[in-house]
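Novice: After the structure tokens below, expect a handful of questions from me.
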Ligand SMILES: [Zn+2]
């Protein structure tokens, strides 16, 4: 009997140990297959085996705060979030200045490079070994989530702190989510700090920090109203203006930022417009708006039958994308949709270039020099033979005593049409937009009181 109990105890211990030692991957938010989304991995540092559920809660808080911050409110659905849990022997992190040392999985530490709030993992000034910190991160990502785009780390220590860099880090203090969103600004958007406290730092020009004072050469000049002086006084008059405010990149003078307040300067403020723009552009650097196009082949031979062209797109959470089709460089007006049937009989030439452009018209971006917010697909359609034109004609036109005009539209054309009328063959006014159903559409125009006027009708076919 005693022997059996012992075996059970040993087995239980062994199972626990195996469970604890095994790093695990878990999806926190899935917005789509990993191939079609920006994949973010959150790593656990300084959590003991029994604190796995606390880690999930902490990560959830951070992600919720991140996605409630503009511009990510508009683009949260572009991301998937995964968690990797690796238990540590101790809870928390090292604080060398107070001689506090904890045995943790990635050997994180506060007090890096002489700054008490700077949390880093090796290699750093305290532990030079890549294999103690970043090496473990890289190995875990390679093993569990090779499709990751971005990794971040939550350090289970209640003291305020964090860092940017390759793997942004935050602790679990009250401001942790806000810290991480700030750090993500560095990592995702390549944004600079907008702090004006002098600190030893090798500052570089960035999307939101500059030494440039000539208005036309400032990176964010398109955001600066012509009424706003440059440099801009830090007065209440310009409290919400975009301008050129002195003090940025750890310099009180000689460096400038776009706005008086910004998340890259203070944890309780939203990102300024210039930083939001940089973050939207960086999102589109990672994920393009067109997910798929059909047919996949782009050189098509067409004869009589209509050819269906279509797109699958990554629509932001907050707004629709603009879709514009053109045939041989001529825009097809009014077709803001993802599919189009091309009737060979309507193609103007034997070889035709059909193009569709998808564009995010967000007001958050004014400068997009490399056209990141747009993507284009083109097909070359070569016509063989002489295709038959699809037909549409009016049938049985009737005008009743009461002035109601009716007619059937009949034909083989399966795209939309708009029925128009004109008193003089010059000015045409839209009456009705519709489709033939089963090859027929019953058209009615009530002209009570005007039956003595002569008017003309026509149907304009949508491509
Ligand atoms: Zn900013």
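The values are calculated or read from the model by the stated rules, or taken from the named source; none is laboratory data. Note that the structure is predicted; figures quoted are calculated from it, not measured. Cβ atoms come from the backbone with ideal geometry, glycine included; neighbour counts cover every protein chain shown.
Novice: Taking the stated definitions as given, is residue 288 part of a loop (DSSP other than H, G, I, E, B), in contact with a strand residue (DSSP E or B) (Cβ under 9 Å, 6 or more places away or on another chain), within 15 Å of the ligand (Cβ to nearest atom) and in contact (Cβ under 8 Å) with a residue 60 or more places away in the chain?
Specialist: no
Novice: A further question on this structure: For residue 378, only one of the following conditions fails: (1) assigned to a loop (DSSP other than H, G, I, E, B); (2) under 34 Å from the mean Cα position of the chain (by Cα). What is its number?
Specialist: Tallying (1) assigned to a loop (DSSP other than H, G, I, E, B); (2) under 34 Å from the mean Cα position of the chain (by Cα), residue 378 fails exactly one: (1).
Novice: Among what's in region 205-222 and is exposed (fewer than 14 other Cβ atoms within 10 Å of the Cβ) and within 21 Å of residue 280 (Cα to Cα), pick the residue that is farthest from the chain's Cα centre (by Cα).
Specialist: 205
Novice: State all residues of region 233-259 that are surrounded by 17 or more Cβ atoms within 10 Å (Cβ to Cβ), over 13 Å from residue 208 (Cβ atoms) and within 14 Å of the ligand (Cβ to nearest atom); if no residue qualifies, say none.
Specialist: The one that is surrounded by 17 or more Cβ atoms within 10 Å (Cβ to Cβ), over 13 Å from residue 208 (Cβ atoms) and within 14 Å of the ligand (Cβ to nearest atom): 241.
Novice: Related question: Could you check region 265-279 and list, in sequence order, the residues that are within 10 Å of the ligand (Cβ to nearest atom), over 18 Å from residue 365 (Cα atoms) and in contact (Cβ under 8 Å) with a residue 12 or more places away in the chain?
Specialist: The answer is 265, and nothing else.
Novice: Same structure, new question: Across region 189-198, which residue is modelled with the lowest pLDDT among those that are surrounded by 12 or more Cβ atoms within 10 Å (Cβ to Cβ) and part of a loop (DSSP other than H, G, I, E, B)?
Specialist: Ranking the candidates gives 196 first.
Novice: Search region 354-388 for residues being in contact (Cβ under 8 Å) with a residue 60 or more places away in the chain and loosely packed, with under 12 Cβ neighbours inside 10 Å, and hand back the single one that is nearest to residue 276 (Cα to Cα).
Specialist: 384
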